[in-house]
Each structure stands twice: as C-alpha cells, then as structure tokens.
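Written out below as structure tokens is the structure these notes cover.
The values are calculated or read from the model by the stated rules, or taken from the named source; none is laboratory data. The structure displayed is predicted, hence computed values, not measured ones. Cβ placement follows ideal geometry from the backbone for every residue including glycine, while neighbour counts extend to all protein chains displayed. What goes into the accessible areas is simple: the full protein's heavy atoms, side chains included, and nothing from ligands, DNA or RNA. Shrake-Rupley method; radii C 1.70, N 1.55, O 1.52, S 1.80 Å.
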Amino acid sequence: MLLNEIDKAAEFLRSQFTKQPKVGIILGTGLGGLVKEIKIEKSIDYKEIPNFPVSTVEGHSGRMIIGEIGNVPVLAMQGRFHYYEGYSMDKVTMPARVMKRAGINTLFVSNASGGLNPNYKVGTIMIINDHINHFGTNPLIGPNADEFGPRFPDMSEVYSKRLIKRAHEIANNEGIQVEEGVYVGTSGPTFETPSEYKMFRILGGDAVGMSTVPEVIIAHHAGMEVFGISIITDSGVPGEIKEVSHEEVQQVAAAAEPKMTKIISELVKSL
C-alpha cells in the first residue's frame, strides 16, 4: 500500500474532525447498531474518502461515522472489507493504517463468527484474547512499512489485557454473560466444512470467521492497542452443525448485538 494513498485518506478524515478521535471502531456483519450509541457529528460514505475501498457485502453499510460515545470522540466504520471480496490485503487492512495516520491509537473490532468451543451457544459473546491466522497469507508480506512498525513485530500480546479485564468488569456489572477465547481467521467466502470445524478446534480455536485477523495484525504492527469481540452466530460443534446462510448470521448477530453494544460503549466511555 502506497503511503501517500493512506495519507490522503487520513488527511481527508482529519479535515472532517472537530475533535481528535481517541478510538477507532470496525463493526462486523450485522453489528452496525452500535452507531445508535454514537452522537453522530458526520456520516461519510466510503466512496467520498480518497483511495478508500467500498463495502460489497450485505450487512455492511459502508459509512464512516465521526462522533462521540459519552464524551469520547470516536471514528467508527459501519462495514469492513474482506479478503474474499477480491481486495488485496493492502486494501483490506487500509482502514487500520488510515486510522493510525489520523491520530488514533486504540482500535476496537467486532465480528460474527462460528462457534468451535462446545461450551458456546448461538448468541454467545466472546471476548477475543488471541487469534490464529489461517488466511494463507499475512498482510505484512512485502517491503516493511517502517513508518508504522518493525519488520518482525512481536505478537505475544496482540489483544490488550488491560481492555479485556475492563470488558469483563463491565459485563459483570451489567449482568451480561461473556466468554473469552481464540478467534481463527480464514479467507472465506465458504462457511466451514464439518472437518474444518474439527481441525480448527484441534488447533486451539474457540470461534472462526472471515475477518478481523488482517486488520488486527496491521493495527498491532503500528502500535495500536486492540480490543476484539465476537458474536457466535452458528455452531461448528459436532452434532450441532446445521446448514447456515448469511441472512441467518445477520439475524443472530442483530439479536445479540445490544449486549455487545453495551460492552463496547461502556468500554469506550471508560477510556
């Protein structure tokens, strides 16, 4: 990704700010409802942002929201980009670098995912504490972007333990049951076969989805503090696997979204 393309997008967004956002938020499939918690100052279509990709997947609105949650300025993406859409990894992960160049140092990511852990049910909320990259590639392959981070970034704590601890406290205070586990990122667009679900569980995964990992790698490389959360929208546990559609995933995500939204909004306010 050319740095000048990133900088032009970041410069455009900075020109729209009246307050410097402290938190960047990327909302996953069917999870755009957090926007209702934002006191919106501006809503910008992705096509208005220089060099920015455009969402092509149902459930991803394709808007950049500038506003506040509580008194905390935020920049929220209502819709993300996926590798399976045909975008290069540079484009998939561009928003994280744009946010960094726009002065944001904390990134929240959410997604809808399939459950691998037999203790999880459809609708379970999982705080991500680690991930497994099963995309078959890495967004840092190629010349290193020294402006953002080192050639060989340490990955011992990708997801902020500080923010995970605070999220658990919020969930407990609000009476929301949450789990904590490992997210497996795959390219998609196919949902997993029963044998793939089994393999990912053996590898140590608790949930599996088609996003998040590339963006998080790029954000971590750039020194951003990251918090991730998943909603389990279907089960990959042997004996519980059923035919699933994108529409059903959206419906389950929307039903569980208020709880996720509460955790994220209170977590943002606590910053």
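Ordering of 147-156, 90-99 by packing is 90-99, 147-156, highest average first (other Cβ atoms within 10 Å, averaged per residue). Near G181: Cβ cut-off under 10 Å, other residues only, Lys/Arg at +1 and Asp/Glu at -1. The net charge is -4. Taking the Cα atoms of the stretch 83-170, the ratio Rg/Rh between the radius of gyration and the Kirkwood radius comes to 0.98. Beta bridges per DSSP, both residues in the stretch 89-230: antiparallel share near 25 percent.
Here the stretch 226-250 is scanned for amide nitrogen atoms under 15 Å from the site 7 Å beyond the Cα of T190 along Cα-to-Cβ, giving 244.
Here each label is just a point 7 Å from Cα along the line to Cβ, and for D146 and E243 those points are 5.6 nm apart.
Expressed as a whole percent, the proportion of Cα-Cα pairs in the stretch 1-48 lying more than 18 Å apart is 42%. For the pair the stretch 237-263 / the stretch 187-223, the C-alpha centres are spaced 16 Å from each other. Computed about its Cα centre, the charge dipole of the stretch 122-271 is approximately 300 debye, with only Lys, Arg, Asp and Glu carrying charge at their Cβ. Which of the listed residues, G228, N4, L203, is farthest toward the dipole's positive end in the chain, when Lys, Arg count +1 and Asp, Glu count -1 at the beta-carbon? In the chain, that residue is N4.
Shape of the stretch 21-140 from the C-alpha gyration tensor: oblate (a/c of 1.5 or more and a/b not above b/c, with a ≥ b ≥ c the square roots of its eigenvalues). Could you grab the relative contact order for the chain? Cα pairs under 8 Å, six or more apart, rounded to a whole percent. After rounding, I find 26 percent. Think of each Lys and Arg Cβ as +1 and each Asp and Glu Cβ as -1; about the Cα centre, that makes the dipole of the chain roughly 660 debye.
Using a 1.4 Å probe over the heavy atoms of the protein chains, calculate the carbon and sulfur portion of the accessible area of the chain as a whole percent.
Ligands and nucleic acids excluded, carbon and sulfur give 48 percent.
Beta bridges assigned by DSSP with both partners in the stretch 1-154 are antiparallel in approximately 60 percent of cases. Taking amide hydrogens as placed 1.01 Å from N in the peptide plane, the amide H of D45 sits under 5 Å from those of M64, each at least 5 positions away in sequence or on another chain.
Among N51, N138, N119, the largest mean-square fluctuation in a Gaussian network model of the chain, built with springs joining Cα atoms closer than 10 Å, belongs to N119. On a per residue basis, the stretch 40-154 carries 40 Å² of accessible surface, using protein heavy atoms and a 1.4 Å probe. Given an 8 Å cut-off on Cα distances and at least 6 residues of separation, report the relative contact order of the stretch 1-160 as a percent. In percent, rounded to a whole number, it is 27. What number in nm² do you get for the stretch 225-264 if you take the convex hull of its Cα atoms and divide its surface by four? Computed as one quarter of the Cα hull surface, the answer is 3.8 nm². Give the percent of DSSP beta bridges with both residues in the chain that are antiparallel, rounded to the nearest 5. If I count the DSSP bridges inside the chain, around 40 percent turn out antiparallel.
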